[in-house]
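For reference, the structure is listed below as structure tokens.
Quick note: the coordinates plus some simple rules give every number you see, no bench work behind them. Please read all numbers here as calculations on a predicted model, not as lab measurements. Neighbour counts are summed over all protein chains in view; Cβ atoms, including those assigned to glycine, are modelled from backbone coordinates with ideal geometry.
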Amino acid sequence: MKTLDGFLNRILCGDCRNILHEMPERSVDLVVTDPPYLVNYVSRDKRRYANDNPHDAAWLLPTMQEIYRVLKDDRYFVCFFGFHKVDRFLAAWRQAGFRTLEQLVWAKDYPSSVGTVSRWHEAAYVLAKGRPPRPEVVLKSVLEWQYTGNELHPSQKPLLALLPLILAYSRAGDVVLDPFAGSGTTAVAASRAGRQYIGIELVRS
């Protein structure tokens, strides 16, 4: 019988599809993650990251299906996304079984990129497996952002952005999973909030 022994409170290096497959079903309480956006992202200092090729998204649906499998019933999944490819993410989430509930926006005090508009925000979807209860603390749809400097990862998320998610959508002692852990901010936020964590990252830095 599979257990979470060997997974808890660790950052595991490897392909998240393989590692998730080894985890027991319905074993984590919340998923918060920031996957590759399928946009060939290049940071200002010319860094890239793996699996961001828009022409090779074979990992997307299988990963979402594994996330659905390991998430407990009636729980939340918060996922950042790239607006260029939101159709592909929505299709994968829905095919995996998730319901889309809300969209969260973080207002920045600087533009992350410029296209036909100057983009001063980040966004994530709040999804659900089943019908989780309404959180005791209901977040605003527009939240604060704090620039990290991206020293540890090309698109490093700030603790200020992730901590409110964990406090709202999980309880003390719960297991929080981030299968695209990057700089490990989700794990830090979970630990500070009194939760357990599981982080998975493909590239060892």
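Any idea how far apart residue 123 and residue 74 come out in nm if each label point goes 7 Å out from Cα toward Cβ?
Computed distance between label sites residue 123 and residue 74 equals 3.1 nm.
Sort 106-116, 171-181 for me by packing, meaning the mean count of neighbouring Cβ atoms within 10 Å per residue, highest on top.
Working: 106-116: 11.1, 171-181: 20.5.
Highest to lowest by the protection proxy: 171-181, 106-116.
Contour minus end-to-end for residue 86 and residue 3, with contour as 0.36 nm per residue of separation and end-to-end as the Cα-Cα distance?
Values: separation 83, 0.36 × 83 = 29.88 nm, distance 3.37 nm.
The residue 86-residue 3 span can extend by a further 26.5 nm.
Among 93-101, 66-74, how do they line up from the highest to the lowest mean number of other beta-carbon atoms within 10 Å?
Numbers: 93-101: 16.7, 66-74: 19.1.
Per-residue mean Cβ counts within 10 Å order the peptides as 66-74, 93-101.
Run the simple label-point estimate for residue 22 and residue 110 please: 7 Å along Cα→C-beta, distance reported in nm.
It works out to 3.8 nm between the two label points.
Using r as the Cβ-Cβ distance of residue 103 and residue 56, and R0 as 22 Å, what FRET efficiency do you calculate, to the nearest 0.05? Let's see the in-between values first.
Working: r = 26 Å, r/R0 = 1.20.
After rounding, the FRET efficiency stands at 0.25.
If you plug each phi of the range 157-163 into the Karplus form 6.51 cos²θ - 1.76 cosθ + 1.60 with θ = phi - 60°, what whole-Hz ³J(HN,Hα) values come out, in order, with x for Gly and Pro?
So the Karplus estimates, Gly and Pro as x, are 8, x, 4, 4, 7, 8, 4 Hz.
Kindly provide the helix-only [θ] at 222 nm of the chain, computed as the sum of -39,500 (n - 2.57) over DSSP H runs of four or more divided by all residues, to the nearest 500 deg cm²/dmol?
Working: 5 runs with 47 residues, N = 205.
The helix-only estimate for the chain comes to -6500 deg cm²/dmol at 222 nm.
Starting from the Cα-Cα distance between residue 65 and residue 171, subtract it from 0.36 nm times their residue separation and give me the gain in nm to one decimal. Don't jump to the answer; show the numbers that get you there.
Details: separation 106, 0.36 × 106 = 38.16 nm, distance 2.40 nm.
My answer for the length gained is 35.8 nm.
Of the beta bridges DSSP finds with both residues in the chain, what % are antiparallel, to the nearest 5? Mind showing how you got there, number by number?
Working: 16 of 34 bridges.
Taking every DSSP beta bridge with both residues in the chain, the antiparallel ones total about 45 percent.
List 22, 136, 122 from most exposed to least, where exposure is judged by having the fewest other Cβ atoms within 10 Å.
Working: 22 13, 136 8, 122 21.
In order of increasing Cβ crowding within 10 Å: 136, 22, 122.
Mind ranking 187-195, 81-89 by how tightly packed they are, going by the mean number of other C-beta atoms within 10 angstrom, highest first? Present the calculation step by step, with values, prior to reporting the outcome.
Working: 187-195: 19.1, 81-89: 15.9.
Averaged packing, sorted descending, gives the order 187-195, 81-89.
Which ³J(HN,Hα) values, rounded to whole Hz and listed in residue order, are derived for the range 179-191 from phi using the Karplus coefficients 6.51, -1.76 and 1.60 in 6.51 cos²θ - 1.76 cosθ + 1.60 with θ = phi - 60°, glycine and proline given as x?
x, 10, 6, x, 7, x, 4, 4, 5, 4, 4, 4, 4
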